[in-house]
Every structure is written in C-alpha cells, then in structure tokens.
1. Can you tell me how many residues in the stretch 65-84 are exposed (fewer than 10 other Cβ atoms within 10 Å of the Cβ), under 13 Å from ARG32 (Cα atoms) and of a type in the set (A, V, I, L, M, F, W, C)?
2. Please enumerate the residues belonging to the stretch 50-84 that are aliphatic (A, V, I, L, M) and not in a helix (DSSP H, G or I).
3. Within the stretch 3-33, can you find the residues that are of a type in the set (Asp, Glu) and either within 21 Å of ALA76 (Cβ to Cβ) or in contact with an Asp or Glu (Cβ under 8 Å, 6 or more places away or on another chain) (or both)?
Amino acid sequence: LTDCDGHGTLVAGLIAGQPGPDGFSGVAPASRILSIRQTSARYAPSDPGEDPVLTRATLETRTLARAIVRAADMDARVITISAV
C-alpha cells in the first residue's frame with residue numbers, strides 16, 4: 001500500500017509513533033495500525049454514467065461503508081477516517 005500524499009503516514013505517526021530522542025511519541029505507541037485504502041483513481045469507473053458527481057458520491061459512500069465493515073471484521077477498536 002502506497003501513501004500517495006503522505007497524509008496516512010502522518011496520521012499513523014500521531015497515533016502510534018514510537019518515543020524518539022526528541023521526546024515525541026504518538027498518543028498510543030503500543031497500538032497496531034491497519035491501513036485500508038477506501039478510494040483510488042486507479043479503481044474509478046471508466047464510464048461514470050450520466051451524472052459523474054452522483055456516481056462518484058455513491059461509489060465513495062459504498063466503499064467507505066465496506067472499508068469500515070472490513071476494519072471491524074479485522075477487530076479494529078478505533079477507526080479514523082480522513083476524507084478529502
């Protein structure tokens with residue numbers, strides 16, 4: 001999994017960053033990170049239909065729901081979601 005804009009990596013560091021020489025550590029350094037990509041241009045439909053905005057919103061809602069269910073199925077206790 002590649003973090004295309006660095007946001008996920010920064011958030012993961014805030015959550016689970018290990019104590020460093022500068023004194024910084026994440027809020028839960030003993031936690032485990034489970035990364036699930038919810039959307040990607042790579043998996044966008046090639047034919048968005050009559051209303052591309054509606055199609056995109058529908059797909060993003062559906063994939064977000066699937067990502068949340070997947071995380072819960074994998075025993076995630078805390079789920080953080082970043083949307084742009």
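1. Here the count works out to 2.
2. Our first condition is that a residue be aliphatic (A, V, I, L, M); within the stretch 50-84, this holds for 53-54, 57, 59, 64-65, 67-69, 71-72, 74, 76, 78-79, 81, 83-84.
Correct list: MET74, ALA76, VAL78, ILE79, ILE81, ALA83, VAL84.
3. Looking only at the stretch 3-33, we keep the residues that are of a type in the set (Asp, Glu), and these are 3, 5, 22.
Of everything in the stretch 3-33, just one residue is of a type in the set (Asp, Glu) and either within 21 Å of ALA76 (Cβ to Cβ) or in contact with an Asp or Glu (Cβ under 8 Å, 6 or more places away or on another chain) (or both), namely ASP3.
We did not get these values from a lab; they are worked out from the coordinates using the rules stated. Please read all numbers here as calculations on a predicted model, not as lab measurements. Neighbour counts are summed over all protein chains in view; Cβ atoms, including those assigned to glycine, are modelled from backbone coordinates with ideal geometry.
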